[in-house]
Amino acid sequence: MTWDEWEQLKSQAARKQSARMRIDQLPADGGGSTPQGDLTVSNKDLAAIGDRAFKLWEDLGRYGRDASSSSRTAASDLTAQGFGLGGAVDHVQKRWEEQVTSLLDACGHISNHMDYTKKAHQGDEFYISGQISSISTLDKGFSEGTGH
C-alpha cells in the first residue's frame, strides 16, 4: 500500500465517521430548544408520584385480592363437585396471587421511596440554604470591617 492509498482510506473513513449518528452528546449549538442544565424535580412532583403509587397499591390490594378470593372459592367448589377444571382454576389463582403480591410490593416500594426521597431533599435544601445564609453573613462582616 502506498502513502497516497493510506491517506485516501483515512479520508474515506473520516467522511463515513462524520455521517454516523451520535447519541452520546448534544450538538455544539446546544440542540436548539433542548433545555440545558440539571434535572430538577420538585417536592410536589415526588409527592404526586408517591401518592399515585400508594393509590394503586390500595386499589390493587382491594380489587386484586377480591379476584383472588373469588377464584379460590370457585376452584374449591369446582373440585368438590368433581370437575377437573377446579385444579386448573386453582393453578391460575395461585399464579394470580403471586403476580398481585409482586405488584403490591413494587407499588409499596415506589411509594416509600418517593416519601424518603422527598424528605431527603428537604433536608438537603435546609442544609444548603443554611450554608448560603452563613456565607452572606460572613461576607457582610468583611464588608463592615473595611468601612464599606
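Only the coordinates and a few stated rules stand behind these numbers; no lab work does. All figures in this text were calculated on a predicted structure; none of them were measured in a lab.
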For the stretch 63-68, Karplus-derived ³J(HN,Hα) couplings (6.51, -1.76, 1.60; θ = phi - 60°; whole Hz; x for glycine and proline) come out as 7, x, 6, 4, 4, 5
HN-Hα couplings for the stretch 73-86 via Karplus (6.51, -1.76, 1.60; θ = phi - 60°), in whole Hz with x for Gly/Pro, come out as 5, 4, 4, 5, 5, 5, 5, 4, 8, x, 7, x, 5, x
Under 5 Å from the placed amide H of Phe83, counting only residues 5+ away or on other chains, we find none
